[in-house]
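J.: Got a structure here, written out as structure tokens. Questions coming.
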Amino acid sequence: MSHAVGSLSRVIGIFACGPRKRLTLYVVLMGFALFSLFVFSVTHFQLPRENEMEQHITEMQASLDFLESQYRSRQEDVIALQGKLVVREDFRGITSADGAHMSALSPEVVALLKNMTGSRAAAGVLPKNLQPLRVPFVYQLLPHLMNDPFSLRPAYHMRVGNLFADIVLGIPTVKRDKESYLLATLTHLVEGLTDNYKNSTLIVVMIGETNLEYVINTARQIESMFPKQVEGGLIEVISPTATYYPDLDTLPNTLGDSPKRVRWRTKQNLDTIYLMAYAQSKGTYYMMLEDDVVAKKNYMQDIKEFTAATTVKIPDWFFIEYCHVGGIGKLFRSSDLAHFIIYVQLFYNNMPIDWLLESYLADRVCTIDKTSKACSQNKLQIRPKYKTSLFQHIGLYSSLKGKIQKIKDSQFGAVPTFYPHTNPPLDSIRTSIEEHSDHTLKRAYEGQTYFWGVKPKKGDIMEFWFEKPIILESYTFRSGNVEHISDKIYDCSVEVLPVAGNFTQVGEFDEFGLCDGEIKKDIGYITALRLRMTKDSLYWVILSEIELKPQTGESR
């Protein structure tokens, strides 16, 4: 404080002095003011221009990398054609390719070969003795594709024009067990785009279903809801042929997963790389999304600005995370996709896609002599993260039938706790499990609420005795709900009682607390169906859905 007072006193003293000293002070102050103005202008005007130039340069570099990758793919086509067009030129069996090869040799090598005429060593130089290497790409890694020459051609493709985009948003979708979130996701993505970015963005929806009727109906829903976006080329729809997929029922089980989970994650991997392979020639960048997400407002502006700034600081990044959960919101350079596609082709049956991403990163920057901590730090260098998540899951029900996701967005609205159905009339219903409050098995069967039982024991049953013998076509029992995800039934069998016979098991609950299936016709008429616990349950149990479908007119 005393120092400040002293400085102020000196300034006042100078003004109190003669005109020469006042002029000196005036010049000093003016100089300081001009210097401050210069610093301000550099900070507030020049630097933004420099940042903008850096962003433009990084965008141009990304575009050049993309064009180079496309040029390389065209070169591969040319090389393949050249290999087919080799023509014999004279009776000595020397081909045009041989002549080109010989002319490329140095004079010293040519002289050496002349002195070795007729020897095996000299003959080894001619291309006719050098078989082209067979690079193990898609048909070798996925041999089932060779069963159909059109296995990689889309079975369906809805597009207008041939738009080239800065960023392609890839959305794989399948028919979900309960609810579809696709249209809600597209609504969020489209509404989050300002007019400045609609012309530089492409949204590709890949329908991973082989039922063409379902594919067409889904595409029609998209076109009806987003006519301007489809007509303007913002949204495309694509779907693979049935022969693109292997026989998913014959896949080897890996990671100790159930066959159901193995089929699901294997198909998800194949859908992911199919969409990547299509999108890699459509834009400079590729964003990996899912069909059950919402996006923050002005998400594209944040993506472009952060991508440009990150590229200046970390030019060797492999993908940028714009969502910190799961496999969504990952931005790739399109020129880098080919390497990752081949990597997934190698291990598509081994692990889920988000694990493959982690494994690929580790293979790039980790070595066996590094600690796990050092490996994690190295991976962070090539997977920079945006400060907050720009995307969030809204889907409660996973694309894996029966699986309930714990991530739920409050914006999406209420989710039902049970699913009512009109089931065949019963003569009686009983259970040995203690029923909680009014959540009885009878009311659940009638579609009024869900059944809630208190910790069933091994041997406990839930029995449904029909009013008349019926032929049952199919059944669905779903346990747990959004409010009580852990209250599921796991160790439980489904049994039916034929008119002439004993209770016969026809199914059992899976790892997600779901049991559904069809009943063989040779079982014939049945008088009852029951659920029987095969182990003690650690939790209370909920049946949120009971659906029994009889064959039409089949009762007596």
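Coordinate-derived values only; no laboratory data. As the structure is a prediction and not an experimental result, all values here were calculated from the model. Please note: Cβ atoms are built from the backbone with ideal geometry, for glycine as well, and neighbour counts cover all protein chains shown.
J.: Along the Cα-to-C-beta direction of His157, a point sits 7 Å from the Cα; which residues of segment 194-219 have their amide N less than 18 Å from that point?
T.: Only 202-210, 212, 215-216, 219 pass the distance filter.
J.: Any idea what the dipole of segment 496-556 comes to, in debye rounded to 20, about its Cα centre with Lys/Arg Cβ at +1 and Asp/Glu Cβ at -1?
T.: 360
J.: If r is the Cβ-Cβ distance from Ser281 to Glu213 and R0 is 25 Å, what FRET efficiency results, to the nearest 0.05?
T.: So the FRET efficiency works out to roughly 0.30.
J.: Pop the C-beta distance of Glu518 and Ile368 into the FRET formula with R0 = 60 Å and round what comes out to the nearest 0.05.
T.: The calculated FRET efficiency here is 0.75.
J.: I want to check the label-to-label distance for Ile382 and Met225. Put each point 7 Å from Cα in the C-beta direction and report it in nm to one decimal.
T.: Going from the Ile382 label point to the Met225 one covers 3.8 nm.
J.: Name the residues whose placed amide hydrogens come within less than 5 Å of the amide hydrogen of Glu473, ignoring near sequence neighbours (fewer than 5 apart) on the same chain.
T.: Lys549, Gln551
J.: Here's another thing I want to ask about it. Contour minus end-to-end for Ala500 and Lys198, with contour as 0.36 nm per residue of separation and end-to-end as the Cα-Cα distance?
T.: Gain in length upon complete extension: 102.1 nm.
J.: Here's something else I'd like to know. Say each of Thr117 and Val454 gets a label point 7 Å from the Cα, pointing the same way as Cα to Cβ; how far apart are those two points in nm?
T.: Once both label points are built, they end up 10.4 nm from each other.
J.: Greater than 29 Å separation of Cα atoms is the criterion. Which listed pairs, Lys267/Lys304; Lys267/Lys373; Lys260/Lys549; Lys198/Lys330; Lys175/Lys521; Lys260/Lys387, meet it?
T.: From Lys267/Lys304; Lys267/Lys373; Lys260/Lys549; Lys198/Lys330; Lys175/Lys521; Lys260/Lys387, over 29 Å: Lys267/Lys304; Lys267/Lys373; Lys260/Lys387.
J.: Next question, about the same structure. Check Leu426: other-chain or 5+ apart residues with amide H under 5 Å from its amide H, H built from backbone geometry?
T.: Correct list: Glu467.
J.: Using the Karplus equation 6.51 cos²θ - 1.76 cosθ + 1.60 (θ = phi - 60°), what ³J(HN,Hα) coupling, rounded to whole Hz, does each residue of segment 467-483 give in order, writing x for Gly and Pro?
T.: So the Karplus estimates, Gly and Pro as x, are 5, 9, x, 9, 9, 8, 7, 7, 8, 9, 10, 10, 10, x, 8, 5, 8 Hz.
J.: Report the net charge of residues surrounding Glu213, where surrounding means a beta-carbon distance below 14 angstrom and charges are Lys +1, Arg +1, Asp -1, Glu -1.
T.: +1
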